[in-house]
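Participant: After the structure tokens below, expect a handful of questions from me.
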Amino acid sequence: MKKIIFSLLLTMGAIHTASAVEGNADAGKTKAAMCGACHGATGLNPSPTYPNLAGQKAAYIAKQLADFKSGARTDMMMAPMAANLSEQDMADLAAYFSVQKRVSEQAAASDDSSAPAATASAGSVAIVTSTSAKAIYAGDVKSGHEKSAMCASCHGADGNSLIAMYPKLAGQSANYIAKQLADFKSGNRVDPVMVGMVAALSAQDMNDLAAYFAVQTPTAGQAEGSDIGHKLYFGGDVNKGITACVACHGVKGKGMAQAGFPALAGQNAAYLKKQIASFRDGSRGNDRNSMMRNIAIKLSDNDIDELVKYMSSLK
């Protein structure tokens with residue numbers, strides 16, 4: 001009987017070992033792009049809201065991802081992030097983050113006198129925390145700056161997001177930003193990440209954040225531009241019934257603040273493409289009088305691609 005039990009235990013161990021998925025750190029690095037906004041590109045994030053993953057044990061990371069996916073561990077932001085991950089994806093991400101250096105290791109390296117000195121200006125941004133024109137905003141710029149820490153991991157400290165899937169907020173009109181935040185909270189605009197971020201925001205919080213980002217300086221667009229996109233932006237397409245974008249978003253893509261039309265110039269291309277596609281398929285519907293939906297539904301995939309190339313190239 002003891003031999004039988006021992007054999008069963010050996011068999012079960014063999015099955016468990018065979019079913020374990022081995023992670024690939026190189027593959028995990030590619031997949032980690034979606035994690036970078038909250039956890040940092042290498043698993044280190046200065047924001048106290050999110051955990052550092054660098055140097056964490058791979059088995060622990062993989063288990064937490066699996067638990068977020070199954071619902072055994074709940075978090076309104078992580079649940080949608082883990083929902084589409086396969087077991088191999090989880091193993092790859094875990095393998096990548098587990099081999100990254102921890103904070104203490106990086107600090108030790110930076111204290112090494114033989115290491116080259118860092119450039120003081122590298123990565124620095126000019127952040128506006130007050131403005132003489134703040135009376136035109138419903139919110140307070142300085143208060144908005146203090147509250148914006150929770151936004152920085154996705155949108156950048158000064159509202160210039162370096163992550164393609166997230167929008168730049170710098171220089172966007174305050175009333176437009178405040179409206180989007182209110183729409184996320186009310187459910188008029190749906191996003192699994194933003195719904196959790198706005199849940200505790202008051203109307204004053206939204207106005208303060210909007211005022212802060214509105215007075216920041218947006219970075220210039222880096223896209224290649226498009227002659228086809230330029231033609232659509234300024235002239236539309238009579239045959240398709242497409243209205244010219246310039247009518248609402250302005251000659252230089254700066255938008256019309258008082259009318260509630262957003263600035264598009266220099267916006268991240270991937271974000272613009274996703275939003276136009278969302279208006280087209282109806283998954284986003286918080287546009288005034290269905291204006292964007294009525295236009296977007298007439299745009300082909302190629303139309304969208306060319307428009308995005310042009311709009312994101314505007315300075």
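Since every read-out is calculated from the coordinates, none of them should be taken as a lab result. Given the structure is predicted, the values throughout are model-derived calculations rather than measurements. Cβ sites come from the backbone with ideal geometry, for glycine too, and all protein chains shown count toward neighbours.
Participant: Normalised by the residues of the stretch 157-315, what does the relative contact order come to in percent, with Cα pairs under 8 Å and at least six apart?
Facilitator: Averaging sequence separation for qualifying contacts and normalising by length gives 29 percent for the stretch 157-315.
Participant: Here is the link list: Lys185/Lys254; Lys231/Lys254; Lys63/Lys179; Lys142/Lys185; Lys29/Lys252. Which ones come out longer than 29 Å on Cα distance?
Facilitator: As for pairs spanning more than 29 Å Cα to Cα, those are Lys63/Lys179; Lys29/Lys252.
Participant: With a ≥ b ≥ c taken as the square roots of the eigenvalues of the C-alpha gyration tensor of the stretch 177-252, please select rounded if a/c is under 1.5 and otherwise prolate if a/b is larger than b/c or oblate if it is not?
Facilitator: Numbers: a/c = 2.72, a/b = 1.89, b/c = 1.44.
It is prolate, given that a/c is not under 1.5 and a/b is the larger ratio.
Participant: Using the per-residue mean of other Cβ atoms lying within 10 Å as a proxy for protection, in what order, highest first, do the peptides 167-173, 52-58, 27-33 fall? Kindly include the intermediate steps, with their values, before the conclusion.
Facilitator: Working: 167-173: 23.3, 52-58: 18.7, 27-33: 17.0.
Answer by packing, highest mean first, reads 167-173, 52-58, 27-33.
Participant: Please report the Cα spread of the stretch 134-214 along all three principal axes, rounded to whole Å, starting with the longest.
Facilitator: 33, 28, 19
Participant: According to the square roots a ≥ b ≥ c of the eigenvalues of the Cα gyration tensor, what is the shape class of the stretch 227-311, taking rounded for a/c under 1.5, prolate for a/b larger than b/c otherwise, and oblate for the remainder?
Facilitator: rounded
Participant: Find how many whole Å separate the alpha carbon centroid of the stretch 210-278 from the alpha carbon centroid of the stretch 288-315.
Facilitator: With the stretch 288-315 and the stretch 210-278 each reduced to a Cα centre, they are spaced 8 Å.
Participant: Most exposed first by the Cβ proxy, i.e. fewest other Cβ within 10 Å, how do Asp281, Asp183 rank?
Facilitator: Arranged by neighbour count, lowest to highest, Asp281, Asp183 become Asp281, Asp183.
Participant: Express the Stokes-Einstein translational diffusion coefficient of the stretch 168-315 in µm² s⁻¹, to the nearest whole number, given a Kirkwood radius over alpha-carbon pairs, 10 °C and a viscosity of 1.306 mPa s.
Facilitator: 101
Participant: Can you give the FRET efficiency for Ser70 and Ala277, using 1/(1 + (r/R0)^6), R0 = 22 Å, r = Cβ-Cβ distance, to the nearest 0.05? Can you show the working numbers first?
Facilitator: Working: r = 30 Å, r/R0 = 1.37.
So the FRET efficiency works out to roughly 0.15.
Participant: Another question, if that's okay. With a point put 7 Å past each Cα toward its Cβ, work out how far Val238 is from Asp191 in nm, to one decimal.
Facilitator: According to this spin-label approximation, the distance is 3.8 nm.
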